[in-house]
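Report on one structure; see the data block that follows.
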Amino acid sequence: MNTILVTGGAGFIGSNFVHMAIAQGEKVINLDSLTYAGNLESLQAIVDNPNYRFVQGDIGDGLLVDQLLAEYSPDAVVNFAAESHVDRSIEGPAAFIQTNIVGTFNLLESVKKYWLKRAEADKNKFRFLHVSTDEVFGSLGETGYFTEETPYAPNSPYSASKASSDHLVRAYHHTYGLPVVTTNCSNNYGPYQFPEKLIPLMILNALAGKSLPIYGDGKNVRDWLYVEDHCSAILSVLDKGKIGKTYNIGGHNEKSNLEIVYKICDLLDKARPRDTGKSYREQIAYVKDRPGHDRRYAIDASKIKNELGWVPSETFESGIEKTIQWYLHNAEWCHHVCDGSYRGERLGLVSEE
Ligand code: NAD
């Protein structure tokens, strides 16, 4: 059994990762400050598992992180904690600079101190895995793919802050020898995703009879990956990835936003037909484009496939079907997110300051 300090484990991808790691027999310490994106209801099923411990706190709190590292002696730190929503970064970039850049820096400082104190034999066994995004590469034209060699060209405050954290992580390896690996993944979808992101927003708005807002002409293309495939890729990189390297993770599922929304409407038409008998497509409404909206992202994931043997298990067809079924069968989770009650002591789990 390994002990993993997971940061941001109450968020979308982090909570899916925590479930997977616990199911594989790992011990997980989940450090999360519980911003609006952190939701302990996503972890309710494992809250009593003796291999799981939740700690509310900030990755930028050096004293707390030092304490956790000393107390649990983790074999790995997996850093999911971040501000992650592009639109919010346009409205208010400061929190993105604070958590994604300053927070990651503070975390690296604590981890470096902890790692330097480890016995020589244990030093190389340790990993700091930094979870990042393909958005650091900027926008593609009609053709081509992001590889690990693509130069960084971030276009939003979100992607610029993630790019900056990636550079810090790289520098801590080159300068101090910290055994890091970084993953750059495409857009994720699946269970426990906060409904400000495209897919859950469209599912929940459709079911609530609200409009389905599409930016610009709806032709912006993203490469979509089912979240559990992202988590299995991270576990694979943790296990077999080469120290100091970066790995692109993607599903070869390029879809325009409009294609995604049509697909969701068509699946909901079958699973939960509207009373009127008309398609949910009727609820689509085009809205003004996001400023600086990147046109296309697409990942070349051949390195992780060739070096580590990782390939996704889900196609887009199977993943989106599973996702819709999850949102249909987890109405309580959805209601609590929509009415804000997920942020309280209702579960008796949150130690509010
Ligand atoms: P999310 O917004 O759902 O979750 C982020 C989590 O981090 C939340 O639980 C939040 O409370 C926590 N957090 C925020 N600031 C913190 C701080 N200062 N200290 C401790 N915890 C803090 O994000 P997500 O979609 O799960 O993304 C996780 C990571 O994966 C991010 O680093 C993101 O950049 C990256 N990523 C996301 C996607 C995607 O499609 N969602 C794709 C590629 C990479």
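Figures for the structure shown
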| read-out | value |
| --- | --- |
| Boolean, Gly216 is at pLDDT 95 or above and over 16 Å from Glu321 (Cβ atoms) | no |
| Residues that are in contact (Cβ under 8 Å) with a residue 40 or more places away in the chain, under 23 Å from Tyr215 (Cβ atoms) and not aliphatic (A, V, I, L, M), drawn from the range 234-280 | Gly250, Gly251, Asn253, Glu254, Lys255, Asn257, Lys263, Cys265, Tyr280 |
| The listed residue being within 24 Å of Gly340 (Cα to Cα), hydrophobic (A, V, I, L, M, F, W, C) and over 18 Å from the mean Cα position of the chain (by Cα), out of Val47, Val65 | Val47 |
| Residue among Val55, Val18, Val102, Val111 that is over 22 Å from Cys338 (Cβ atoms), in a helix (DSSP H, G or I), near the ligand (Cβ under 10 Å from one of its atoms) and in contact (Cβ under 8 Å) with a residue 24 or more places away in the chain | Val102 |
| Subset of the range 220-239 (residues that are within 13 Å of the ligand (Cβ to nearest atom), in contact with an Asp or Glu (Cβ under 7 Å, 6 or more places away or on another chain) and either outside any helix (DSSP H, G or I) or at pLDDT below 95 (or both)) | Asp223, Tyr226 |
| Enumeration of residues in the range 21-45 that are in a helix (DSSP H, G or I), buried (at least 24 other Cβ atoms within 10 Å of the Cβ) and among the polar types (S, T, N, Q) | Ser42 |
| Check on Glu228, under 20 Å from Tyr280 (Cβ atoms), acidic (Asp, Glu) and within 14 Å of the chain's Cα centre (by Cα) | no |
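Condition check ((1) surrounded by fewer than 22 Cβ atoms within 10 Å (Cβ to Cβ); (2) more than 18 Å from the chain's Cα centre (by Cα)) across all residues:
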position: Thr104; (1), (2): no, no
position: Phe137; (1), (2): no, no
position: Leu140; (1), (2): yes, yes
position: Tyr145; (1), (2): yes, yes
position: Val169; (1), (2): no, no
position: Thr183; (1), (2): no, no
position: Phe194; (1), (2): yes, no
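The values are calculated or read from the model by the stated rules, or taken from the named source; none is laboratory data. Predicted model only: the values in this text are computed from it and were never measured. In this analysis, Cβ positions are derived from the backbone assuming ideal geometry, glycine residues included, and neighbour counts consider all displayed protein chains.
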